[in-house]
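Okay, so here's the structure we're looking at.
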Amino acid sequence: MIARNYSDVRNNLKSVCDTIIRDSETVIVTRKNDENIVMMSLDEYNNLIENYYIRRSEANYKWIQESKEQLEKGKTINLVADEQFKYET
């Protein structure tokens, strides 16, 4: 995480954006009024939101952790899709 002041970011916006994208860096833009902001790539932001979504439900997160443990212990079932299978109603 890099901290840069507002004027520096404004004067070097392309370079700052390139660094954020190229290095997957997060930049804190400091401002005189102490109302700082954070700049990050869209990919990093989407990843953050996805993780928040997964973890906000304790039951969902617990289920994912249990599934991960089962996978690591080799407790898996291999299913092969049968092209001949037809679902009948």
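The numbers here are math on the coordinates, done by the rules we state, and not lab data. Bear in mind the structure is a predicted one, so any value in this text is a computation, not a measurement. Neighbour counts are summed over all protein chains in view; Cβ atoms, including those assigned to glycine, are modelled from backbone coordinates with ideal geometry.
Computed per residue of the chain from DSSP H runs no shorter than four, each worth -39500 (n - 2.57), the mean residue ellipticity at 222 nm is -16500 deg cm²/dmol.
The value of relative contact order for the chain, using C-alpha pairs under 8 Å at least six residues apart, is 19 percent. For the pair ILE54 and SER15, a Förster radius of 35 Å applied to the C-beta separation gives a FRET efficiency near 0.55, rounded to the nearest 0.05.
In summary, the convex hull built on the alpha carbon positions of the chain has an orientation-averaged projected area of 11.7 nm².
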